[in-house]
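Shown next, in structure tokens, is the structure this report addresses.
Quick note: the coordinates plus some simple rules give every number you see, no bench work behind them. Every value quoted in this text rests on a predicted model; they were computed, and no experiment measured them. In this analysis, Cβ positions are derived from the backbone assuming ideal geometry, glycine residues included, and neighbour counts consider all displayed protein chains.
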Amino acid sequence: MAKNIQSLERAAAMLRLLAGGERRLGLSDIASSLDLAKGTAHGILRTLQAEGFVEQDAASGRYQLGAELLRLGNSYLDVHELRARALVWTDDLARSSGESVHLGVLHQHGVLIVHHVFRPDDSRQVLEVGAMQPLHSTALGKVLSAFDPVAHTEVMEVDRKAFTPRTVTDVQEFESLLDHTRARGWAADLEETWEGVAAVAAPIHDRRRMPVGAIAITGAVERVCNDGELRPDLVAAVRDCARAVSRDLGAGRF
């Protein structure tokens with residue numbers, strides 16, 4: 001059996017690290033996270049940077065994913081039927097809600113963002129296509145865990161880390177939360193992953209009526225919530241959008 005090439009494994013681990021959590025990381029953070037010597041980590045980063053897979057911020061010296069990686073990723077995403085079917089609907093949802101819209105799918109015990117529509121204003125925003133989100137705390141992750149049996153199995157196997165004091169980590173409490181999600185047809189994230197950020201998500205089904213992804217509206221708590229609860233109009237909007245994409249995928253009427 002052929003052996004794996006260690007340098008490629010380390011480069012892949014480095015790219016996954018930069019794709020999750022903090023968008024920019026310093027050399028020391030990367031080296032310690034991957035248990036590498038600084039010199040080794042720096043050498044890999046320089047190679048990735050030369051190929052355009054990693055970029056270094058001139059001011060801070062921190063590293064982030066590069067544009068070339070996004071270009072390669074988009075060559076796959078452009079033929080992804082789910083993303084193609086959702087493009088118009090998600091654009092409309094962002095425009096009508098005034099907030100960011102994310103399209104996510106189950107991938108490697110998490111949620112892979114395959115499409116991101118910016119909030120329609122002039123604020124500085126970071127494209128999150130290719131980023132990974134946790135299953136247990138995000139609206140996208142919870143709705144997938146509730147409706148997709150594979151996602152449900154995976155979320156029970158991962159370390160349900162408490163990102164904020166609101167994150168649900170207890171098994172029984174989390175199962176009850178998923179039951180509630182199935183009953184109402186949507187999931188919420190009220191500062192459970194990021195302080196000050198709330199989201200609502202609904203599932204997308206294919207022609208076999210199997211869950212294949214989810215759509216979420218994400219924004220600042222003060223904009224998407226009223227008196228601590230998600231705005232009903234945003235809940236209705238994201239559910240309507242998910243149903244529309246599901247119909248385009250042949251799921252029929254839900």
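Kindly provide the helix-only [θ] at 222 nm of the chain, computed as the sum of -39,500 (n - 2.57) over DSSP H runs of four or more divided by all residues, to the nearest 500 deg cm²/dmol?
When only DSSP H runs of four or more count, the value is -14000 deg cm²/dmol.
May I ask you to evaluate 6.51 cos²θ - 1.76 cosθ + 1.60, the Karplus curve with θ = phi - 60°, for each residue of segment 43-52 and list the ³J(HN,Hα) values in order in whole Hz, giving x for glycine and proline?
Result, ordered by residue: x, 5, 4, 4, 5, 5, 5, 5, 8, x Hz.
Assuming 0.36 nm per residue, please report the length gained on full extension of the stretch residue 95 to residue 127 beyond their Cα-Cα distance.
9.8 nm
Which trypsin sites (Lys or Arg not before Pro) from segment 171-254 combine a DSSP loop assignment with at most 10 other Cβ atoms within 10 Å?
Counting only loop positions with at most 10 other Cβ atoms within 10 Å, the trypsin sites (Lys or Arg not before Pro) in segment 171-254 are 208, 253.
Helix 6-19 against the longest principal axis of the chain: what's the angle in degrees, Cα atoms only, rounded to the nearest 10?
40 degrees
When only alpha-carbon atoms count, how far does the chain stretch along each of its three principal axes, as whole angstroms with the largest first?
54, 45, 38
Write down, largest first, the equivalent ellipsoid semi-axes of segment 31-168 in whole Å, where each equals the square root of 5 times an eigenvalue of the alpha-carbon gyration tensor.
Numbers: eigenvalues 153, 99, 50 Å².
Working through the eigenvalues yields semi-axes of 28, 22, 16 Å.
Determine ³J(HN,Hα), in whole Hz, for all residues of segment 30-41 in sequence, where each value follows from phi through the Karplus function 6.51 cos²θ - 1.76 cosθ + 1.60 and θ = phi - 60°; x replaces Gly and Pro.
Going residue by residue, I get 5, 4, 5, 5, 9, 6, 10, 5, 4, x, 5, 4 Hz, with x marking Gly and Pro.
Which ³J(HN,Hα) values, rounded to whole Hz and listed in residue order, are derived for segment 145-153 from phi using the Karplus coefficients 6.51, -1.76 and 1.60 in 6.51 cos²θ - 1.76 cosθ + 1.60 with θ = phi - 60°, glycine and proline given as x?
5, 6, 9, 9, x, 5, 5, 4, 4
Looking at the square roots a ≥ b ≥ c of the eigenvalues of the Cα gyration tensor of segment 149-189, which shape do they give, rounded for a/c under 1.5, prolate if a/b is larger than b/c, or oblate?
Here segment 149-189 falls in the oblate category.
Where q = 0.11, 0.13, 0.15, 0.26 Å⁻¹, what log10 of I(q)/I(0) comes from the Debye formula for segment 93-182, counting one point per Cα?
Summing over Cα pairs of segment 93-182 leads to -0.34, -0.47, -0.61, -1.25.
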